[in-house]
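Taking it in order: structure first as structure tokens, then the write-up.
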Amino acid sequence: MGIKKLLRIEKSKYSAREIMKWLWRAWHGNKLQATLNAAIGLMGVAVSLAQVEAVKHAIDVASHVVEGSLYKAVGIMAMLILANFALSISGVWVKNILGIRAQNRMQQRMLDRILRSEWHGKESHHSGDVLNRLEFDVTNVVNFLTETLPNSLSVLAMFIGAFVYLFLMDKVLALITVAIIPLFVVLSKFYVGKMRSLTRQVRDSDSKVQSVLQETIQNRMLIKTMESDDAMVGRLESTQSELRHRVVKRTVFSVFSHLILNFGFAMGYLIAFLWSAVRMSEGTLTFGGMTAFLQLVNRIQGPARSLTKLAPAFVSVFTAAERLMELEENPLEEQGDPIELDSPCGVRFSDVTFAYDDDASKPVISHLSFDFRPGSCTAILGETGAGKTTLVRLILALLHPDSGKVEIYDRHRTQQLSPLMRCNFVYVPQGNTLMSGTIRDNLRLGKIDATDDEMFEALRTACADFVSTLPDGLDSLCSEAGGGLSEGQAQRISIARALLRNRNIMLFDESTSALDPDTERQLLQNLLHDHTKTIIFITHRPAVVDYCDQVLTLTP
């Protein structure tokens, strides 16, 4: 039975070449920090080797083996210690100041990539898992690229420098000290494969735990009313139990591996000690020389230990890179300059059929033809599951028809809908879509540079005048999902946010469901008074239908 089969090393989703290319691209965005860390590390190597020579010289001067000033020798040691302090402070400064910037940049890049990718109606990763990857895996990758790799360069330089120094003093001892290292290199190939599999299992379980925590907190009210507290805590315990089991399994393998490594290094140090002690007893080595021997052996074994730790570091970063690469698997939407049509404009469906990937045999929309005419107001009706939400997603170019075509047109041109034409739309989704922050922050999602006058005008049109009566007005705080406001108030602020965007086609998905009849009628009158916009309502409310020019009824 082969070693790989014995260790049950799993195949990776991506090849090592693909992962290395991805890491290389990520490194390019962090060259400054990586270069500074490498420079500081190499200077640290020079100072450390100089300290070995300085200590040896000071001891030999003190024992009258060589001539010289003891005070001068100690002074040189002091200067080297101060230099080491300065390099250490510089390293901390680079890590803390540039490190957080590097992490922020990668998180921004990953989030931008996710937001610009195609949407297929069903997310392939739980939001808790995505957050886990954006936090922990991004940190892992950035630390590896900006700290671990540059530090490895200085570690390698220390190893070579100490070996050369020791080789010049005693060739046999130098060769004995490094003779065991090739064996570790051979074993590391098998160690990496097994450790990579175990680390991936731990990271996946960690993501599951975060997903359970996030869903529980988000749905706390539902869980309380269903009296399912014990069930959710039990679900968390089950997920955490799986995580603990995998952590224990990885830890046992890691401890056993490190035990073997440390035993080898301990034997090497004892051999070096014995060799130098014998030479000193025979008078062929001074006490300062023996001290230098042992320091150099430490400076060879220390880097060698650090280099062996590169194996788990590579395992960890490969796992993190794989998990981030998975977030980039969705292809990007069409990119380019927005294409804005003249007002008024309309949307036309021509024999459109669409089915989701998981049930392609049952189209949600089948051979639909309909014209949302410029300046018209349309009510879309239908039972649950009839395809109303899918229709909106097709209009917003979030989904693309399997057959037929969806076009946007004005007086001068007609073009097939694409993400580049999303700039012509305003969308008010169903439910409470306010974010934590002030009312002003939420309104500015519609127009980033909106003035207070523009905000209050949009609020007036959306029947949300109540904002002006709040103690802090536009700067009133609302918590996650509009906490602190009623559902009706949150809906009206969402509509005001859409009005600030001021686009030619407006889509409302059950956006008046929490309003009382009088407020709903006033809102509809405000929205429809000039017929300059093309308005589409998904609704079950008879009052909304009464204000519409045409009705589209969908059937399952």
Note, segment 200-212: 3J(HN,Hα) by Karplus (6.51, -1.76, 1.60, θ = phi - 60°), whole Hz, Gly/Pro = x, goes 4, 5, 5, 5, 5, 5, 4, 5, 5, 4, 5, 5, 5
Can you run phi through the Karplus equation (6.51, -1.76, 1.60; θ = phi - 60°) for segment 406-415 and list ³J(HN,Hα) in whole Hz, with x for Gly and Pro? 10, 10, 10, 8, 10, 5, 10, 8, 10, 9
By the mean-Cβ-within-10 Å protection proxy, highest first, 343-351, 542-550 rank as 343-351, 542-550
Check each of the trypsin sites (Lys or Arg not before Pro) in segment 103-168 and keep only those in coil by DSSP with at most 11 other C-beta atoms within 10 angstrom; list them in order. LYS122
How far, in nm, would the chain grow between TYR356 and ALA39 when pulled straight, counting 0.36 nm per residue and subtracting the alpha carbon separation? 108.7 nm
With a cap of 16 neighbouring Cβ atoms within 10 Å, and only residues DSSP puts in a loop, list the trypsin sites (Lys or Arg not before Pro) found in segment 374-443. ARG411, ARG413
How high is the FRET efficiency between PHE167 and TRP24 when r is their beta carbon distance and R₀ equals 22 Å, given to the nearest 0.05? 0.05
Amide hydrogen neighbours beyond the local backbone of LEU552, cut-off 5 Å, H modeled: ALA379, ILE380, LEU381
Let me know the charge dipole size of segment 433-475 about its Cα centre in debye, to the nearest 20, where only the beta-carbon of Lys, Arg (+1) and Asp, Glu (-1) is charged. 180
Computed about the Cα centre, the charge dipole of segment 338-413 from +1 Lys/Arg and -1 Asp/Glu charges at the Cβ has a magnitude in debye, to the nearest 20, of 220
Gyration tensor (Cα only) of segment 324-367 to equivalent ellipsoid, semi-axes in Å sorted down, yields 27, 25, 6
Full-extension gain in nm, HIS126 to GLN240, via 0.36 nm per residue minus C-alpha separation: 39.3 nm
Principal axis lengths of segment 304-451 from Cα atoms, whole Å, largest first? 74, 50, 33
Listed residue pairs exceeding 28 Å between alpha carbons, taken from LYS388/LYS533; LYS13/LYS208; LYS208/LYS405: LYS208/LYS405
Suppose the chain between GLU67 and HIS540 were pulled fully straight at 0.36 nm per residue; how much longer would it get relative to their current alpha carbon spacing? 160.3 nm
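Suppose R0 equals 41 Å. What FRET efficiency, 1/(1 + (r/R0)^6) with r the Cβ-Cβ distance, do TYR14 and GLN416 give to the nearest 0.05? Walk me through the numbers before you get to the answer.
Values: r = 35 Å, r/R0 = 0.85.
According to the calculation, E is roughly 0.75.
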Spin-label point model (7 Å from Cα, Cβ direction): what's the SER479 to HIS529 distance in nm? 3.7
For q values of 0.13, 0.15, 0.17, 0.19 Å⁻¹, compute log₁₀ I(q)/I(0) with the Debye formula on a Cα-only model of segment 10-155, without solvent. -0.73, -0.86, -1.00, -1.13
Among 496-508, 147-159, the order from most to least packed when residues are scored by Cβ within 10 Å on average: 496-508, 147-159
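Values quoted throughout were computed directly from the atomic coordinates according to the rules given, and no laboratory measurement underlies them. Remember, it's a predicted structure, so these values are computed and weren't measured experimentally. When we count neighbours, we look across all protein chains shown, and the Cβ atoms used for this are built from the backbone with ideal geometry, even at glycine.
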